[in-house]
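This report refers to the structure that appears directly beneath it.
The values are calculated or read from the model by the stated rules, or taken from the named source; none is laboratory data. Note that the structure is a prediction, hence the values are computed from the model and not measured. Cβ placement follows ideal geometry from the backbone for every residue including glycine, while neighbour counts extend to all protein chains displayed. Protein only, heavy atoms only, side chains kept; ligands, DNA and RNA dropped before computing areas. Shrake-Rupley method; radii C 1.70, N 1.55, O 1.52, S 1.80 Å.
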Amino acid sequence: MITLATSVFGIVLCKGEIIKTSVHGPTGKISYKDEGFGGMPVVFIHSFGGNVSHWEEIKESLVPNRRVVRIELRGHGDSEFPKDGDYRISSMAQDLATVVNLLGLQRFVLVGHSMGGSVALQYAGENPSRVAGLVLVDSNGDPKKLPEVVRDQIKNALYSDTYVQTTEAYWEQLLANSKPEIKERLMGELTRTPKDTVIKITSELLDYDPNHSLKRYVGPKLAIVTPENDDQFALHRLHLGFPHAVVVNAGHWLQLDQPEEFRNILETFLQKF
């Protein structure tokens, strides 16, 4: 049962269930979907440039037996852009905290894709007792393993006249192994993302250190990655390491390219909760 609060607005009802709501977050409206009942809840966080629809196929098999919450971080989907322009990972983790606190979720499994994985990891490091399990989907490894000069070159390119070429080349690389229809859909979403948002989030991800949160959160973890993200600097090989599964024939948005395989891996992990 979802308890309504004065901070909730934009409610949509479907067969008596509240499935689409918004909450006043730290810097503006945060949108989310809340569906299903029973079992250990699962909370999904999308990637940079993403929205709740990226989890649509995955959540369908879960909602008959579990509560599923999908959150749209600041500046994504129907959530508002932050009034202060703050896209720090720690700040976006507060968007997540705002929603789960409002819904009274005391313990849940957290699933984050790419940038959303960094946000999920940050939250888990800050609130280890509340995260029953953590699934990181093709998320960034340790960017500090890149030479500082390389990270600076990327940041400088974003501020230069080559912004469009730089970003589109990077997204093409991430989508190289995606199905044509998935690539077309995602390129449309990514190219619509405001330049300021792209620059700030990319710069933040290039500076984000995951090691502190990896040390703080000692609960069950799983990484689901593409072969391109299965290198020595991947999250599942940092600190003490943790289990991982590799999904082939998929781009960076592997849950969209290979939903059945992804769903099977995730559901196997969820069986322990």
**Report entry** Residue within the stretch 125-140 that is more than 24 Å from residue 256 (Cα to Cα), part of a helix (DSSP H, G or I) and at pLDDT 95 or above present
**Finding:** yes
Query raised in the report: Given the residues 72, 126, which is the only one that is touching a Ser or Thr at 6+ places or on another chain (Cβ under 8 Å) and farther than 20 Å from residue 210 by Cβ?
Result: 72
Query raised in the report: From the list 47, 31, 22, which one is touching a strand residue (DSSP E or B) at 6+ places or on another chain (Cβ under 8 Å) and either closer than 14 Å to residue 110 by Cα or in a loop (DSSP other than H, G, I, E, B) (or both)?
Result: 47
Query raised in the report: Checking residue 57 against (1) open to solvent by 30 Å² or more (accessible area, probe 1.4 Å); (2) in contact with a helix residue (DSSP H, G or I) (Cβ under 7 Å, 6 or more places away or on another chain); (3) farther than 23 Å from residue 261 by Cβ; (4) not in a loop (DSSP other than H, G, I, E, B), which test does it fail?
Result: (3)
Query raised in the report: Can you spot a residue in the stretch 222-234 that is touching a helix residue (DSSP H, G or I) at 6+ places or on another chain (Cβ under 9 Å), charged (D, E, K, R), touching a residue at least 60 places away in the same chain (Cβ under 8 Å) and over 23 Å from residue 54 (Cβ atoms)?
Result: yes
Query - Elements of type helices (runs of 4 or more DSSP H) in the stretch 181-273, at least 3 residues being farther than 20 Å from residue 132 by Cα and open to solvent by 50 Å² or more (accessible area, probe 1.4 Å) - result: 195-207
Report summary line: In the stretch 29-48, residues that are open to solvent by 10 Å² or more (accessible area, probe 1.4 Å) and either within 18 Å of residue 123 (Cβ to Cβ) or in contact (Cβ under 8 Å) with a residue 40 or more places away in the chain (or both) total 5
Query raised in the report: Of the residues that sit in the stretch 108-149 and are open to solvent by 10 Å² or more (accessible area, probe 1.4 Å) and of a type in the set (Asp, Glu), which one is farthest from residue 205 (Cα to Cα)?
Result: 126
Report task. Filter the stretch 186-230 down to residues that are within 27 Å of residue 270 (Cβ to Cβ) and among the charged types (D, E, K, R), then give me how many there are. Result -> 5
**Report entry** Candidate set from the stretch 155-168 (those that are in a helix (DSSP H, G or I) and open to solvent by 60 Å² or more (accessible area, probe 1.4 Å)); member that is nearest to residue 251 (Cα to Cα)
**Finding:** 168
Report task. Please tell me if residue 79 is under 15 Å from the mean Cα position of the chain (by Cα) and assigned to a loop (DSSP other than H, G, I, E, B). Result -> yes
